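Take a look at the structure set out below.
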Amino acid sequence: MGPLSREAWAQRLGAFRASPSAFMAGADGEDLGRDLLSDLRSEKLSEQTKVSLLALSLEYPAQLWPDVPAAEAAATSLLDILVLLPPRPSALRRPLLLAATTVLASGGVLGPTSGASCRLLPLLLGLATGRDVGRGFGPISEQRPLQATACECLRELESCKPGLLGGFLGLLRSQLGQEGPIQPLSLLLALALRNTLVVQSRSGAGLQGLLMAGVSSTGGGTWDWTLVKEGHAHLQPQAPCWPATEEGACGLAMLEPSPEEVRELRASVAQLLDTSYLLTPVAQAQLLWLLGWALRGLRGQPPALFKPQLVRLLGTAQLTLLHAVLALKAAFGEALFTSQDEALLLRRLTLAAQHPALPLPTHLFYLHCLLSFPENWPLGPEGEEAAPLLLVPQLCRGLMPSLLHDPMVLLSRLHLLCLLCAEDEEEEKGPFQNLQWYLEELLDGLRQRAALDGGPRALATLCFQASYLVASCLARQPMVLTPLIQGLAQLYQARPVLAPHFVDFLDRVGPELEEPLRMVLRQEVVSRPGRDEALRWHLQMLAKVAEGDAQSATLSFLQAAAAHCANWGLQEALLKVCRALLREGGGAGLADLLQALARQLEDPDGRDHARLYYILLAHLAGPKLGVALGPSLAAPALASSLMAENQGFAAGLIVQEALAPIQLSVGPQRASGPLPVLQLQVEAREPIYSLELRFLVEGQLYAPLEPVHVPCLCPGRPAHPLFLPLRPRQPAPARLEVQALYTTPTGLTCHAHLPPLPVNFADLFLPFPQPPEGAQPGFFEGLWDSCLPKGAESRVWCPLGPQGLETLVSRHLEPFVVVARPPTSYHIAIRLPPNSMLLLRLEAPQVDGVPVALRTDDWEVLPLVGDYLRGLAVTE
């Protein structure tokens, strides 16, 4: 079949991008990668169409070539296409380099045993350095773009295999001062230098003169994979990341280079920094992070090399560069930044955050930098949140939160305000009182907006987020917590519908706020009449805050409320409060209430609850009562509402992973029907119920298989065989991955992975319909003649066992015999789903075997047929 047209490819790629998994599971999915590589060689397609095909290979390499052999073959094919391009300018060279690199990296092919890797790496290095192999590759007009692309490809491969370029640091360094793209080469050298330092430190070796390596050609040399084998450990991502971790985490503390290596290392870093101003801001930030990471762990290496860059970067308006500066500050602290530098940075961040025209993300970035500012000498324990010492309230007047701000900005500014209040907590007058007054006014405004009837939920959420932030930062300041508790109680009084928010808030705050807030809310609820319209919210709140010390007021409220609990939901809420009181120990008043509820509740399930609680209260002491009402380790066997309260019931609703309690095997073949059927034998080591066996076929050889269900399995009882219809798209053997989903006698739902099941070539054999009596020879000859010329013909020698030809046919081929002339000749016709056939003529047997003539309309099955026939004597 010839290459597809541009319109056909556009339609095919559109269907693939709409749903890659569904397309790959279809009939055309397996051929997509092969057709793509084939049509890239075609002269009928335009370069624009081929670039679109290569873009697909960049986005979905794992789907197009899912295994290592396929990825290796694809990368080799892409390199062949690249080499065969004519010398004129072409838009395909750079996409082909990127595609080959992507396939090698994503397919796990990159390594010393890969032929494609051994071809691609010298080519990329030659292009990146402009030497040898790269000089004559493509026209002169494409040399600079190709050099930049080759650097990007090498950087990607170095990220996948740290230490890959360790032997070429000197060669890459020698190219910095020469003509060529500076940015990709600088980033490549910085990454290779960082990775080499890490790999060498882990192996206990020095730089071994790698930075002073010669610049000889490597086009045809052997690539050194030694450093790659030592650098398998995962390295940090190539992006600025702060606050800093411990110095030992860099992995370089063990590396002690010689004085000569130190001089070369510092010269390389200085060379990269001197040309960094030519890079884009994002590239500069990445370069600074890589070099800072590399130098931070080296003993005795002061970071003074970065000092000239700070003069330029402290006044930058680029956020990426500012972030890189802060990352350097987190890494080196006072060794690189003076107190004047720190004050200047804080002033810059504070003034920039107050600019009225800032976009929201930029505004949040500046606030985050202030909140996480890496100080030279922070006070307090490590990891404790605190405002920078030089960030005084006078400097932050323009950063006070307001109700007019965006919610995210308001919370960030409120966080900063809380940290400032925490710094001045010991002062009785002055800035702290002003800050506290402002904080109380802001929280009061938030609560007023949250208390509006019918107000949006976002306002209530913002109010509780702000309250939680204040409670977390100022948990040890009663002057702040007392008005906060009173304000929240007033909010609940005004709007009880916020009870779920209060419950969640109590679950999250610390004990400094939780205990007093629970007491205030409990008093607020029990002071209400039991017939309040918001009764269900009061009951929900009371179930959270009820305590044994105040049972009398709570019981009075419940007795008044019981008469108004007419529906099932209110009755369940009332019983939850009783359960909470039971956990606290109960009492005589609770026993009377439970007896009354067992008589007067309309719902029978509710009456059963109340009766059960009364029995537990009357017969169990306090500790045993708590155990009885606590979480159960056993899953409930029934899904009644009585069991719904038990936390063990939640475990019964979750599918849990377990070891397979069953054994699955393939039984004897049944060759009948329109589809091949796999007969399965299942044995159970323990009783299981509602078993569902799910089958997954590797690759695209078979259509999806339906699950098999078994109601019950018990050990010791013979189980009926299971039948699994197969739907092969090609007549080929396969392997089935098996998962079991079942229910245990305790009510748990579990899933387990079973050993894979093989589907042999013979399991796909199906007989032809029996022809009328006497017509068998003509029927077989008609099939035999129809195979050619489109099919294939072959002859195979089939070894015979000690029992002869008749025994072999009766054991393995009896259902497929069309014409039998024992003991000298057999004509056998086999259907191979979905639409192929296999015909065999077993001729007169010899001493050690029998010659077999075969024909088929699908030549791809010939190797499978040969292996099958040669293995028949072994299976006897």
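The values are calculated or read from the model by the stated rules, or taken from the named source; none is laboratory data. Just so you know, these numbers come straight off a predicted model, no measurement behind them. All Cβ positions, even for glycine, are placed from backbone atoms using ideal geometry, and neighbour counts span all protein chains on display. Just the protein is used for accessible areas: all its heavy atoms, side chains included, with ligands, DNA and RNA removed. Shrake-Rupley method; radii C 1.70, N 1.55, O 1.52, S 1.80 Å.
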Determine the order of L390, L864, L169 by accessible area, beginning with the largest, at a probe radius of 1.4 Å.
L390, L864, L169
In whole percent, the fraction of accessible protein surface over the stretch 431-566 that belongs to carbon or sulfur atoms, probe radius 1.4 Å, stands at 50
For an R0 of 22 angstrom, estimate the FRET efficiency from the Cβ-Cβ distance between N434 and S402 and round to the nearest 0.05.
0.90
Mind checking which aspartates and glutamates have their Cα closer than 18 Å to the Cα of K790? Skip sequence neighbours fewer than 8 apart in that chain.
E781, D857, D858, E860
What does the charge dipole of the chain about its Cα centre add up to, to the nearest 20 debye, if the Cβ of each Lys and Arg holds +1 and the Cβ of each Asp and Glu holds -1?
1060
By accessible area (1.4 Å), largest first, K576, K307, K44, K329 order as K44, K576, K307, K329
About the Cα centre of the stretch 259-333, what is the dipole size in debye to 20, counting +1 per Lys and Arg Cβ and -1 per Asp and Glu Cβ, all else neutral?
240
When the charge dipole of the stretch 551-630 is computed with +1 on Lys and Arg Cβ and -1 on Asp and Glu Cβ about the Cα centre, the Cα farthest towards its positive end, among F557, L581, N567, belongs to L581
Taking a 1.4 Å probe, which of R528, R476 shows the most accessible area, and what order do the others take after it?
R476, R528
Out of A8, P516, P725, whose Cα points farthest toward the positive end of the dipole of the chain (charges: +1 Lys, Arg; -1 Asp, Glu; placed on Cβ)?
A8
Per residue value of the accessible surface for the chain (all protein chains in place, 1.4 Å probe), Å²
47
For H751 and A335, calculate 0.36 nm times their separation in residues minus their Cα-Cα distance, and state this gained length in nm to one decimal.
144.1 nm
About its Cα centre, how strong a charge dipole does the stretch 765-872 have in debye, to the nearest 20, once Lys and Arg get +1 and Asp and Glu get -1 at the Cβ?
80
Could you tell me which trypsin sites (Lys or Arg not before Pro) in the stretch 267-318 are loop residues by DSSP with no more than 13 other beta carbons within 10 angstrom of their beta carbon?
R299
Stretchable slack from A820 to A475, in nm (0.36 nm times residue separation minus alpha-carbon distance):
114.8 nm
Report the accessible area of R508, computed with a 1.4 Å probe over the heavy atoms of all protein chains in place, in Å² rounded to the nearest 10.
150
Take T275 and H720, extend 7 Å from each Cα along the Cα→Cβ direction, and tell me the distance between the two endpoints in nm.
7.8
Per residue, what volume in Å³ does the convex hull of the Cα atoms of the stretch 28-136 enclose?
96
Once a ≥ b ≥ c are taken as the square roots of the eigenvalues of the Cα gyration tensor of the stretch 400-528, is the result rounded (a/c under 1.5), prolate (a/b larger than b/c) or oblate (a/b not larger than b/c)?
oblate
Rg and Dmax of the chain, using alpha carbons, in Å: what are they?
38.5, 116
Hey, with R₀ at 51 Å, roughly what FRET efficiency would A853 and R41 work out to, going by the Cβ-Cβ distance, to 0.05?
0.85
Whole-percent carbon and sulfur share, accessible surface of the stretch 673-727, 1.4 Å
58
May I ask you to derive the FRET efficiency for R263 and T113 from their Cβ-Cβ distance with R0 = 51 Å, giving the value to the nearest 0.05?
0.85
